[in-house]
Amino acid sequence: MQLINNIVELRARLSSERSIAFVPTMGNLHEGHLNLTRLAREHGRCVVASIFVNPLQFGPNEDFDRYPRTLEADCAKLQGLADVVFAPSVNEMYPEQQTVFVEPPPIANELDGASRPGHFRGMATVVLKLLNIVQPHTALFGKKDYQQLHIIRRMVGQLNLPVEIVGGETVRAADGLALSSRNQYLNQAERSEAVSLSRTLQGVRQAILQGERDFERLQQQAVEALTARGWAVDYVAVRNQSDLLPASTMGRELVILAAAKLGKTRLLDNIEVRLAG
Ligand code: PAF
């Protein structure tokens, strides 16, 4: 496995590769990332992972400075899984002030975008830059960041980028908590409570499978249940998988998404629901 920090060297290394599968990450890798990297091997002969904590996608009061940077440990985890790790500096990615951005679709202002203005614009911009730098045939993103994956698919489709986007299933801890680099911010009590987020989503899913179609009420009940347990809830939303707009009662492929804060830690989760018929 080769660790490369600069774009010219990376391009030279990849110039003769005919089939590249790419896993963009912000590092601090956990089993979710490693699973995606294993899946990448099924999609390309050369597997590239990137590690870059992208300042453009963090708001002024977010955790950019304290986001865990663990390059050495990450490279050790990627041994045998990736062929190349691209870990550029901020200056390598943004040698001049970035004044050109991807304008994401309107859905980027809802759900996570409502609490994190500018986040998806910064995310989409760096993903486009990374895709242009690596020029992979396939790029893989986790479904844990469901709205992110949706926006990347729209960007790739509408800008005619020659890359196939693959979504990897969310990897969970034994109790059901979705793996995330931010889980390590949780103290012991918060870690035990954190499982309530996925349990709440499971409860909403169960109610829908049993025929409940008053999605507003389900959302409200879920918010109230989490709030009563001490969470500060940004949203619990039942949406269509296809466009992430509020779910229609006729919809068959739905997704329940949530974001909520436990103490200072903001957690995200989602669960798909496929209705028969
Ligand atoms: O999901 C992430 O880790 C990041 O948002 C991504 C896609 C690597 C862009 O910085």
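Annotations for the structure displayed:
- Once the 1.4 Å probe is applied to the protein heavy atoms, region 93-165 comes out at 46 Å² accessible per residue.
- Coupling constants for region 219-235 follow from the phi torsions by the Karplus curve (6.51 cos²θ - 1.76 cosθ + 1.60, θ = phi - 60°), and in residue order they are 4, 4, 4, 5, 4, 5, 5, 5, 4, 4, 8, x, 8, 9, 8, 7, 6 Hz; glycine and proline get x.
- Per-residue ³J(HN,Hα) for region 68-79, Karplus 6.51 cos²θ - 1.76 cosθ + 1.60, θ = phi - 60°, Hz, x for Gly and Pro: x, 10, 9, 4, 5, 5, 4, 5, 4, 5, 7, 4
- Cross-link pairs exceeding 24 Å between alpha carbons, from the set LYS144/LYS261; LYS144/LYS264; LYS129/LYS261: LYS129/LYS261.
- Taken about its Cα centre, the chain carries a charge dipole of roughly 300 debye when the Cβ of each Lys and Arg holds +1 and the Cβ of each Asp and Glu holds -1.
- The 3J(HN,Hα) values that the Karplus relation (6.51, -1.76, 1.60; θ = phi - 60°) gives for region 123-131 are, in residue order, 5, 5, 5, 5, 5, 4, 4, 5, 5 Hz. Gly and Pro appear as x.
- Only Cα pairs under 8 Å and 6+ residues apart enter the sum, and on that basis the relative contact order of the chain stands at 17 percent.
- Per residue, the chain reaches -11000 deg cm²/dmol at 222 nm when only DSSP H runs of four or more residues are counted, each adding -39500 (n - 2.57).
- Surface composition of the chain: carbon and sulfur atoms hold 49% of the protein heavy-atom accessible area at a 1.4 Å probe.
- Cα-Cα pairs of region 55-103 separated by more than 15 Å (percent): 64 percent
- Region 85-210 shape via C-alpha gyration tensor axes, a/c threshold 1.5: prolate
- Residue ranges 114-121, 257-264, 4-11 sort as 257-264, 114-121, 4-11 when ordered by packing (mean number of other C-beta atoms within 10 Å per residue, highest first).
- Neighbour-limited loop hits for GluC sites (Glu not before Pro), region 140-236 (at most 15 other Cβ within 10 Å; DSSP other than H, G, I, E, B): GLU169, GLU212
- Convex hull volume per residue in cubic angstrom - Cα atoms of the chain: 137 Å³
- Whole-angstrom gap from region 91-167 to region 43-69, using each part's C-alpha centre: 12 Å
- Euclidean distance between Cα centres, region 169-217 to region 1-23, Å: 37 Å
- Long-range tail of P(r) for region 182-277 (Cα pairs > 15 Å, %): 57 percent
- Sparse-neighbourhood loop sites, GluC sites (Glu not before Pro) in region 68-156 - DSSP loop, at most 10 other Cβ within 10 angstrom: GLU96
The values are calculated or read from the model by the stated rules, or taken from the named source; none is laboratory data. The structure presented is a predicted model; accordingly, all values stated were derived computationally and were not measured. Because the Cβ atoms are built from the backbone with ideal geometry, glycine has one as well, and the counts that use them run over all protein chains shown. Heavy atoms of the whole protein, side chains included, go into the accessibility calculation; ligands, DNA and RNA do not. Shrake-Rupley method; radii C 1.70, N 1.55, O 1.52, S 1.80 Å.
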